[in-house]
Amino acid sequence: MGTIQAPQPLAAPRIRLTNPAAEFIDHLDEDFHPALPNPAVQYDSRADDYRMKEDMKRDLIYTEALQERKAFLTSMKTYQTQDRDDARVKLGLVSESKWSAVLDEIQQAEQDATVNGTKGILGAIRKCSRKLGESGGAFIGWLQMLPDDAYGSVICGGLKLIINAAIRHRDICIEVFDAIGEIPEVIRAAEFSFTEYRSDELNVRIATLYKDITLCLRGILDFYKERAPGRTKSVVRNAFKAVGKGPNYGKQIELEITTVRNSAGAVKQEADRCLHRRVGAIRSNQEFQTRQTAEIKDQGTENLKLNKELKDQGEMSLKQSEKGLKQGEESLNLMNRLYAGLKYQYQCQERRWEERDRKQREEYASMRQQLESISRAVTPESVRRQGPSVQQVVRILASNPDVASQDQQYILQEGELFSTNLQTQASAFMGSPKLQDWLTSTTSSCLFAQVDSGDDNPISALSFVSSLLYQTLQASEQTLPLHYVCGLHTDHYRDAFPGAQGMLQSLLVQLLLRSEYENFSLDFVDRTLFQRLENADLVALCTFFEALVDQLPRSTILFVIVDGVSFYETQDRVQGTCYAIGKLVEIAETAGRMMKLLVTCPGVSGYVRNGFHDDDVLWVAEAADGEGDGFTYDVDGFRGKTGDMFDGGPID
């Protein structure tokens, strides 16, 4: 029977313009409409609309300032989420983000410090409050130079949040209040010339000053976040170590304030230049008017007539300007209406072609389904069903076959940088009698090892020993080790199924691609099971793994090492994890092949540990900070001893 080829979809006309509607409008002339073309209007691809060129030019100047504003807003929201004791500032609301709200907050901080603070802190707050009050007018004037109220709203909201939280950080409280008071003081000291005329350079410098102020405030807020309640001991400890390596925090704030001061000076220089240009223009106009007045006095009535003509010309010029402005608005509205209509027509045409292609694909799928139905009907029941190949199954499992080796190399490299505490834990695990009994047992066995480290690092001392064991067992012809590190596979961007499904997929791919076991018989894999495997069905993955284990030679010892299982005990993964680990324990206890299962947990397990017998649980002691003797157990000796266990021939 010949094969049915898929029908080729009709080729839709290829539109080679990046935006056909905008291209069409840009080529129109005044014959189409007297308001076209308008040199002051331009298409904005980011807004997908026509806008005034001056507005687009301003947005370009404030690009970096806008990005820093968004980053600062994100930092404020993140800090509010971390610090449960912090009063919530309603970001974005005008009532919560005006300068008056900042003054109210500093007064509240002064009242709190009067009751609970020290004299030094109270003095710093009062000094800050005085500066904010004296510099408020200048600071508000600078905020009004920004493009819109949203810029000033974020600054005021950030100041309120920082003041609200500063009283709880006593060790840096004084430096923070000095910095908060210094920022508006810098603006006041600059004595800006608030002129209506602004050059492009002045707008650039205003945007730079805004960016530097938000950077300074975000630096304070980021330091708060490092010290927020709820951080683990190790994270806080590392944060203090990082601060200790550099200058103290007061100097860091002073450097950022210096940057703000320099930016304010640059704004003042350019604002003065703009003012001088404006004053010069006014003086020139005054001189011209003075000369005109003198001529009028000399020429008398004739000059009065000339003045009337000039007045008439001025009124006519004003009317023409109003007419031009009206035509400009009409041009912008017309271009946007025309653009919306053309874009809608192109979208309708595109949908018609997509609908036509969809119908063709449905017809092809129907024809293919009919062919498969006919093929199943004519196949004799006596014909032996042919299962998929190993490569086909590996392809649908979609797991990197080299991930186990890559994880093992990465962990062993990190192990060389372990602290003394982690080295001591690793030595205790390697020298544990329970681990030795599990390795040397002549029957299938399970071991659950955990250490209550309280650390969220994906690489623990147990990870190092597990990788060392996997590396050693790979060199033996008698053993078949499979390895999976849960802590390194928790991100959806790296793994399609970071959880129990991804773990089973990785173990299956490692098992299928071992060169000496590539002759697995997969005839038992029917269409239904194949589709369930392709969809990462957890029950199907476990069933398939058990079937492959039953096909292993009896002389082979299968080692399954699952490291860091506590990373999969999250709310969205714990149910699947418990099922998968429980199934592996069941296979080890009931399969007709020798299988050794090792599961490690760098924290206290609340779920998976319940699937193991008490005799199969190993607690590894955790050394306190600063204690422990490091690698007291010979790592190379552990490799050699483990390798020697499985080089003496097959186990009966």
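Considering region 443-454, and only residues there that are closer than 9 Å to PRO602 by Cα and surrounded by 18 or more Cβ atoms within 10 Å (Cβ to Cβ), the residue that is modelled with the lowest pLDDT turns out to be SER453. Considering every residue within region 478-490, establish whether at least one is in contact (Cβ under 8 Å) with a residue 40 or more places away in the chain, aliphatic (A, V, I, L, M) and farther than 25 Å from VAL574 by Cβ. Checked region 478-490: at least one residue is in contact (Cβ under 8 Å) with a residue 40 or more places away in the chain, aliphatic (A, V, I, L, M) and farther than 25 Å from VAL574 by Cβ.
Restricting attention to region 496-537, the residues being under 30 Å from ASP456 (Cα atoms), in a loop (DSSP other than H, G, I, E, B) and either without any contact (Cβ under 8 Å) to a residue 40 or more places away in the chain or in contact with a Phe, Trp or Tyr (Cβ under 9 Å, 6 or more places away or on another chain) (or both) number 5. Has region 161-183 got any residue that is out of contact with any Cys (no Cβ under 7 Å at 6 or more places or on another chain) and assigned to a loop (DSSP other than H, G, I, E, B)? Yes, there is a match, as at least one residue in region 161-183 is out of contact with any Cys (no Cβ under 7 Å at 6 or more places or on another chain) and assigned to a loop (DSSP other than H, G, I, E, B). From the list THR472, THR440, the lone residue that is more than 21 Å from SER405 (Cβ to Cβ), surrounded by fewer than 24 Cβ atoms within 10 Å (Cβ to Cβ) and of a type in the set (Val, Ile, Thr) is THR440. Kindly provide the set of residues from region 540-561 that are in a strand (DSSP E or B), among the aliphatic types (A, V, I, L, M) and touching a helix residue (DSSP H, G or I) at 6+ places or on another chain (Cβ under 7 Å), ordered by number. Listed by number, the residues that qualify are LEU558, VAL560, ILE561. Given the structure, is ASP491 in a loop (DSSP other than H, G, I, E, B), outside the structural domain of TYR579 (by TED's automatic domain parsing) and either aromatic (Phe, Trp, Tyr) or surrounded by fewer than 18 Cβ atoms within 10 Å (Cβ to Cβ) (or both)? In short, no. Within region 405-453, being among the small types (Gly, Ala, Ser) and in contact with a helix residue (DSSP H, G or I) (Cβ under 7 Å, 6 or more places away or on another chain) holds for GLY415, ALA426, SER444, SER445, ALA449. Within region 517-574, the only residue that satisfies the criterion of being at pLDDT 90 or above, hydroxyl-bearing (Ser, Thr, Tyr) and over 40 Å from the mean Cα position of the chain (by Cα) is THR556. Restricting attention to region 360-373, and to residues there that are surrounded by 11 or more Cβ atoms within 10 Å (Cβ to Cβ) and not acidic (Asp, Glu), which single residue is farthest from ARG527 (Cα to Cα)? Step by step, filter region 360-373, then rank; the result is GLN360. Just to be sure, is ILE581 outside any loop (DSSP other than H, G, I, E, B), within 16 Å of PHE559 (Cα to Cα), modelled with pLDDT of 65 or more and within 37 Å of the chain's Cα centre (by Cα)? Here the answer is yes, as ILE581 does meet what is asked.
No other residue among ASP629, ASP647 is at pLDDT below 90, in a loop (DSSP other than H, G, I, E, B) and within 18 Å of TYR470 (Cα to Cα) apart from ASP647. Taken over region 425-481, residues that are assigned to a helix (DSSP H, G or I), out of contact with any Ser or Thr (no Cβ under 7 Å at 6 or more places or on another chain), of a type outside the set (Phe, Trp, Tyr) and farther than 30 Å from GLY592 by Cα amount to 4.
The rows are residues; the columns are (1) modelled with pLDDT of 75 or more; (2) in the same structural domain as LEU202 (by TED's automatic domain parsing); (3) more than 25 Å from the chain's Cα centre (by Cα).
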| site | (1), (2), (3) |
| --- | --- |
| ASP31 | no, no, yes |
| ALA40 | no, no, yes |
| ASP48 | no, no, yes |
| MET56 | no, no, yes |
| ALA71 | yes, yes, no |
| THR78 | yes, yes, no |
| ASP85 | no, yes, yes |
| GLU96 | no, yes, yes |
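The values are calculated or read from the model by the stated rules, or taken from the named source; none is laboratory data. Since the model is a prediction, treat every value here as computed from it, not as a measurement. No Cβ is skipped: glycine too gets one built from the backbone with ideal geometry, and neighbour counts run over all protein chains shown.
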